[in-house]
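> I'd like to ask some things about the structure below.
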Amino acid sequence: MMIRQTPVTCTGHSRPVVDLAFSDITEDGSYYLMSASKDGKPQLREGGTGDWLGTFEGHKGAIWSVDISYNGTRAATGAADFTAGFWNADTGTCLASLEHKHIVKSVSISQDAKLLMTGTAKSQVRVFDTRETKQAAEEYTAHNGHVKRAKFLANNNFFVSVGDDQNLKMWDRRMNKELRVVRMSQTINGMQLKEDVVTISHGSTVALYDITTFDLLRSHTLPCIVNSASLHCDKQHYVCGGDDFKVYKVAIETGQIMESYKKHFGSIHCVAYSPDGEVYATGSEDGTIRLWQDVVGHTYGLWQRPEMIPCSPNNHELHVN
């Protein structure tokens, strides 16, 4: 009997899902998944199963970005209502609502959760002390146009950002200055960090850069416009998705497409790997999140033994609310 990729479909959002973020593995061995949607209702789920845990209430516009702290206790949201939210992820309580002059397109929590960084639709990156949020501790004019993503590096002294100007930049917070810049040939759609590698999706290309030197490590062209790409923890492959509704698994060394699946009914806006690399999540224009096995057939979460998954002409899926 053949093994078929059977994604877990997570419903609950009423509009497109545009950003996803996993926590690290917590002390009890679990991890969490945050989702951003244009419905204005950011959600928290159990990362391995997709089970809904809660919705963060309070925003009055589309949510464009989410982040969750490494230990899963704090969450951040960036919204079209010109605010960024900082939340207690255990209780759903809003700890701070940070007002901005423009739409907040990006949020990033530092590893120790003491800092929150925001990027706006008008070129600004701001850094807040989460213990004193009345005003930003630092401000940078980072890009011409929208700041699409801005993320802390591991030691918090540096951050990287991408924007509408097609530039990838590194910043030194101690000196309050730009250190490096690389210009992409096409519009940047997404950026993700994995240790010492930054993965950029621009146009139909996925490019991987060394975070220290900004040297280009690999660049691959995909069959569609790529909106998001996420590197596996073993750094041997990545997954990506875009405008053709498909999710692709690609070998880094060769650029070969190892697997591809089409289960969504709209463009894929965001993809993210779980911290253990067993699962990757996709969020789509169709308003759903789907969880996929990195290695089809592993017994993990809601997936049972391969022999228990029937092979038929139908698109079998597991559903959670």
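> Express in nm, to one decimal, how much length is gained between SER14 and LYS122 on full extension, taking 0.36 nm for each residue of separation and deducting their alpha carbon distance.
My answer for the length gained is 36.1 nm.
> Can you tell me the length gained on complete extension of the stretch ASP24 to THR141, counting 0.36 nm per residue apart and subtracting the Cα distance?
Between ASP24 and THR141, full extension yields an extra 39.1 nm.
> If each residue of separation counts as 0.36 nm, what is the full-extension length gain between THR93 and GLU259 once their alpha-carbon separation is subtracted?
Value of the extension gain: 55.7 nm.
> Find the relative contact order for segment 1-96 and round it to a whole percent, using C-alpha pairs within less than 8 Å whose residues are 6+ positions apart.
So the answer I get is 22 percent.
> Computed on alpha carbon atoms, what radius of gyration and Dmax characterise segment 1-89, expressed in Å?
13.8, 53
> Next question. Across segment 79-89, in residue order, what do the Karplus-derived ³J(HN,Hα) couplings come to in whole Hz, using 6.51 cos²θ - 1.76 cosθ + 1.60 with θ = phi - 60° and x for Gly and Pro?
Listing the rounded values in order: 9, 6, 8, 6, 10, 10, x, 10, 10, 7, 6 Hz.
> Considering only DSSP states other than H, G, I, E and B, which GluC sites (Glu not before Pro) in segment 1-93 qualify as loop sites with at most 15 other Cβ atoms within 10 Å?
For GluC sites (Glu not before Pro) across segment 1-93 that sit outside H, G, I, E and B with at most 15 neighbouring Cβ atoms in 10 Å, the list reads GLU27, GLU57.
> With the cut-off at 21 Å, tell me which of the pairs LYS114/LYS151; LYS41/LYS249; LYS41/LYS169; LYS60/LYS263 have Cα atoms farther apart than that.
LYS41/LYS249; LYS41/LYS169; LYS60/LYS263
> Shifting gears a bit: What are the principal axis extents of the Cα atoms in segment 129-226, in Å, biggest first?
Reported extents, whole Å, longest axis first: 46, 25, 21.
> Checking a compactness column here: for segment 70-129, what do you get for Rg(Cα) / (2.2 N^0.38 Å), N being the number of residues?
Normalised Rg, Cα atoms only: 1.05.
> While we're here: Quick check: the distance between the Cα centres of segment 39-65 and segment 109-144, to the nearest angstrom?
First find each Cα centre; the distance between them is then 22 Å.
> Tell me, what is the FRET efficiency for SER204 and THR55 to the nearest 0.05, using R0 = 51 angstrom and their Cβ-Cβ distance as r?
0.90
> Moving to a separate point now. Using a 1.4 Å probe, how large is the accessible area of TRP171, given in Å² and rounded to the nearest 10?
20 Å²
> Which whole-Hz couplings ³J(HN,Hα) result when phi for each residue of segment 289-300 is put into the Karplus expression 6.51 cos²θ - 1.76 cosθ + 1.60, θ = phi - 60°, listed in order with x for Gly and Pro?
Running phi through 6.51 cos²θ - 1.76 cosθ + 1.60 with θ = phi - 60° gives 10, 10, 9, 10, 7, 5, 10, 5, x, 5, 7, 7 Hz.
> So, one more: Between ASN155 and VAL181, with labels modelled 7 Å along Cα→Cβ, what's the label distance in nm to one decimal, could you check?
Going from the ASN155 label point to the VAL181 one covers 2.5 nm.
> The list [x] 60, 43, 33; [y] 55, 51, 41; [z] 76, 67, 45 gives values of Cα extents along the principal axes in Å, and only one came from this structure; which label was calculated from it?
Among [x] 60, 43, 33; [y] 55, 51, 41; [z] 76, 67, 45, the one calculated here is [x].
> Follow-up. Convex hull over the Cα atoms of segment 1-41, averaged projected area in nm²?
Over all viewing directions, segment 1-41 projects a mean Cα-hull area of 4.8 nm².
> Report the calculated FRET efficiency for GLN304 and LEU217 (r = Cβ-Cβ distance, R0 = 41 Å), to the nearest 0.05.
Taking R0 as 41 Å, the efficiency between GLN304 and LEU217 is 0.65.
The values are calculated or read from the model by the stated rules, or taken from the named source; none is laboratory data. Here the structure is a predicted model, which is why all the values come from computation and not from measurement. Methodologically, a virtual Cβ is constructed for each residue, glycine included, from the backbone with ideal geometry; neighbour enumeration extends over all protein chains shown. The protein model used for the area step is the full one, side chains on, heavy atoms only, and it has no ligands, DNA or RNA in it. Shrake-Rupley method; radii C 1.70, N 1.55, O 1.52, S 1.80 Å.
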